[in-house]
Amino acid sequence: MSSTISTHSANIADLLLDVVFLVDAQGILVDVSAGCEQLLGYRPEELAGRRMLHFVVEEDRARTLEEAARVASGSERIGFENRYRRKDGSMVDIMWSARRIDSDGMRIGVARDITVRKQAERRQSALYAISEAAHQAPDLSALCERIHEILDGLVGVAGMAVITDEPAGHRRTAYRAGAAASGDLYRAGEDWRGLLLAQEWLSIELRGQAGPVGGLLLRAKRGPYPAPDRELLEFTAAQIGMALERKRLHEELLRHACHDELTGLPNRYLFFDRINTALARVQRTGARMGVLYVDVDGFKQVNDQYGHDAGDALLREVALRLVGCARHSDTVARLGGDEFVLILEDLMAADDADRVAGEIGAALGRPMRAGGAELCVGASIGIALFPDHGQRIEELLKHADVAMYRQKRKRKQTAADGCAPAQALPTP
């Protein structure tokens with residue numbers, strides 16, 4: 001072979017399926033076989049005289065320089081892989097065999113296009129990584145961030161959003177990044193599945209076993225996604241959909257485990273978790289905390305006279321009124337039966353608990369409709385304060401319970417306030 005690869009059109013090197021490169025000691029391209037146009041999109045004359053490293057993907061340049069130094073030192077190399085940027089901006093994977101030409105002080109390399117194989121390997125790796133993230137990510141935000149990272153490295157993602165279908169027909173944008181980070185992705189009242197503002201956005205429905213749970217919106221970096229990429233994105237959407245469904249199922253199970261099924265309030269288990277946390281906080285800060293025991297007066301009579309459905313309706317209304325008397329930072333829980341308890345944190349003064357108790361008494365003293373009757377039940381309320389009535393949970397609860405029963409006995413000995421315990425509504 002002469003000092004140039006191609007001296008005329010019939011040169012054998014031009015017939016090879018692989019591409020032959022001749023590079024001088026400074027890394028400048030001296031000559032390239034004709035196959036380079038199919039490999040990189042450049043004609044041989046466009047590459048001659050240019051630094052070869054310029055076409056290497058930036059992330060691969062450091063190890064490419066290390067490999068070139070080994071070849072320049074006399075090592076023959078077969079199987080080195082790196083990535084080059086084509087003329088159109090796309091990327092091609094190349095496997096090299098190379099050696100030094102001692103007589104000319106140059107390096108000769110034979111390049112083989114292995115893009116198809118490498119893409120298949122990366123796709124398989126991405127499928128595994130996406131599946132792993134769907135099962136291990138601690139929450140939806142972390143899952144979406146990880147999937148965005150995986151997809152961007154494989155197919156290029158200029159923007160990504162995940163929209164979830166919420167109860168009562170509402171939609172929530174659970175994740176948005178890149179081109180989706182600002183602005184409206186779809187018009188109000190429109191269905192994102194088919195009415196996107198920008199045609200370059202790809203929308204894929206997220207589904208669980210029970211049906212649709214939301215949508216995945218993606219914007220490509222370079223034109224529409226080809227069919228192989230869409231297959232990967234469909235798989236990704238399926239993984240996100242299953243993860244969303246698992247998350248909702250977990251939340252539902254947790255809600256049932258920690259909340260009273262009838263009223264939706266925290267149950268005994270969650271109450272003790274909350275009061276442990278609250279007590280630790282006020283012990284650390286020196287703040288004042290109140291515990292209110294609330295027992296519904298006349299509840300047994302309502303059950304006996306109007307039935308359990310009316311009793312259940314009454315308890316649900318009591319729960320709503322108790323929540324209405326509490327602050328957002330307070331806890332209202334149902335311990336069981338007709339017994340409720342409130343945790344009042346960061347009270348400014350001792351009489352703050354008395355004020356809340358007065359509001360509760362007034363709220364529960366107003367007539368309630370349940371079981372076709374207008375009912376007046378009232379409530380007995382016991383108050384315990386930290387640190388006045390105890391330093392431990394058991395002390396506070398016992399004090400509030402005793403105070404509540406003391407008030408209940410007192411109310412039984414006192415004449416009714418003029419409102420009958422249960423008064424039937426007139427029949428229409």
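What follows draws every value from the coordinates through simple rules; no lab data is involved. Here the structure is a predicted model, which is why all the values come from computation and not from measurement. We place every Cβ from the backbone using ideal geometry, glycine too, and count neighbours over all the protein chains shown.
About the centre of its Cα atoms, region 118-258 shows a dipole size close to 180 debye [charges on the beta carbon of Lys, Arg (+1) and Asp, Glu (-1) only; nearest 20 debye].
Taking a Cβ cut-off of under 12 Å around residue 280, the surrounding Lys, Arg, Asp and Glu residues balance to a net charge of +2, with basic ones at +1 and acidic ones at -1.
Under the convention that each Lys and Arg Cβ holds +1 and each Asp and Glu Cβ holds -1, the size of the dipole of the chain around its Cα centre is about 420 debye. Tell me the relative contact order for region 12-113 as a rounded percent, counting alpha carbon contacts under 8 Å between residues six or more apart. It rounds to 28 percent for region 12-113.
Contact order, relative form, for the chain: 9 percent (alpha carbon pairs under 8 Å, 6 or more residues apart, mean separation divided by residue count).
Summarising the amide proton neighbourhood of residue 114: residues at separation of 5 or more, or on other chains, whose placed amide H is nearer than 5 Å comprise 93, 94, 95.
Remark: spin-label model distance residue 262-residue 209 equals 3.2 nm, labels positioned 7 Å along the Cα→Cβ axis. State the answer as a single residue: which of 289, 325, 271 lies farthest towards the positive end of the charge dipole of region 242-330, with beta carbon charges of +1 for Lys and Arg and -1 for Asp and Glu, about the Cα centre. Projecting each Cα onto the dipole axis, the largest value belongs to 289.
Net charge near residue 167, counting Lys/Arg +1 and Asp/Glu -1 over other residues with Cβ under 15 Å of its Cβ? In short, 0.
When peptides 221-233, 387-399 are sorted by average Cβ neighbour count within 10 Å, with the highest value leading, the order is 387-399, 221-233. As a ratio to 2.2 N^0.38 Å, the alpha-carbon radius of gyration computed for the chain takes the value 1.67.
Across the chain, how many lysine pairs separated by 8 or more positions, or lying on different chains, have Cα atoms within less than 27 Å? Lysine pairs satisfying the spacing and distance rule in the chain number 10. Centre-to-centre separation between the Cα atoms of region 63-126 and those of region 270-318: 72 Å. In the chain, the DSSP-assigned H stretches of four residues or longer account for a calculated mean residue ellipticity at 222 nm of -13000 deg cm²/dmol, using -39500 (n - 2.57) per stretch and the full residue count as denominator. For region 268-424, what does the relative contact order come out to in percent, with C-alpha contacts under 8 Å and a separation of six or more? Taking the mean separation of contacting Cα pairs over the length of region 268-424, I get 31 percent.
Near residue 58, once Lys and Arg are set to +1 and Asp and Glu to -1 for all other residues with Cβ below 11 Å from its Cβ, the sum equals +1.
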